[in-house]
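Each remark here refers to the structure printed beneath this line.
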Amino acid sequence: YLFEAGFPDSISGTDMNKQCGSALQGIVMGAHSIMTGMSDVVLAGGVDTMDRLGPIPPGGDALTIDNPQVMMEFMKRESWQMYPDKQAKLLPQWFSIKAPWIMNMGQTAEKLSEVYNISREDSDKFAQASQERAVAAQDAGRFEREIVPIAIEYLDGRTETIDKDQNPRRESSLEKLASLKGAYKADGLVSAGNSCPRTDGATMVLLMSKEKAKELGYKPLLTFRAAATVGTDPEIMGIGPLPATQKLLQR
């Protein structure tokens, strides 16, 4: 990535993975590097491409957490082909497909709604408010200076320029959201309208100390004060921001 972006050989980079929180964790790591004097200027960001979610074996079943048995069989088969003389029973010992916490995020949201009595109606109202705010922000040009237009060339010769978030739905309404069936349970909380979509995107933030910004002529947009991360019950992982925020505010 560094070379493709045109950086010289002298610039180092670090790749890390914290799933949905990767870009935020990258910012935290970059800020801490500056605060400890290890770096002067840091570019921190992340990329996510759900269109390339995979791999998918010949049978056609995606290797996601929804299909743990398929995933396990594929991993065994692939490892046997690559390392036929190195077979062991290590994987099943530390990765049991029967573990109760092996579930996708939608299932954890259903569990969370049961524990904290979150209704489908309240969830739909929150989703609708989010849609309305996103559309209003786009109309006001709030994010225009923060988005780099990307030109897409399709195989059929068409071209398209992506210069705004494609997720906000202007036609969304509470009535339409309420009409959608549950994604995991017939009477469940999670639907296609009130959950996050599968999207592609990337982001990058320029970090430096206040002194360095003044030296280079930059006007800071934000100040990094602190960050916090907290582990929680994986079956209701969506509650994580609450204890993390409480921990952060105590600092």
Checking G30 against (1) touching a Gly at 6+ places or on another chain (Cβ under 7 Å); (2) in a helix (DSSP H, G or I), the condition it does not meet: (1)
So, in segment 187-210, exactly how many residues are out of contact with any Ser or Thr (no Cβ under 7 Å at 6 or more places or on another chain) and over 21 Å from G238 (Cα atoms)? 10
Those residues of segment 224-251 which are hydroxyl-bearing (S, T, Y) and in contact (Cβ under 8 Å) with a residue 12 or more places away in the chain amount to T229, T245
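Determine whether segment 153-162 contains at least one residue that is farther than 30 Å from D233 by Cα and touching a Pro at 6+ places or on another chain (Cβ under 9 Å). Outline the logic, then answer.
From segment 153-162, those farther than 30 Å from D233 by Cα are 153-162; that's our starting set.
When the remaining residues are screened for being touching a Pro at 6+ places or on another chain (Cβ under 9 Å), the result is 161-162.
For segment 153-162, residues farther than 30 Å from D233 by Cα and touching a Pro at 6+ places or on another chain (Cβ under 9 Å): present.
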Quick one: what pairs do we get from segment 165-185, first residue free of Cβ contacts under 8 Å to residues at least 60 places away in the same chain, second surrounded by 12 or more Cβ atoms within 10 Å (Cβ to Cβ) and among the acidic types (D, E), C-beta under 7 Å, 6+ apart or different chains? L174/D124; L177/D124; A178/D124
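Each value in this text was obtained by applying a stated rule to the coordinates, not by laboratory testing. Because the structure is predicted, anything quoted here is derived from the model rather than measured. Cβ coordinates were reconstructed from backbone atoms using ideal geometry, including for glycine residues, and neighbour counts include every protein chain displayed.
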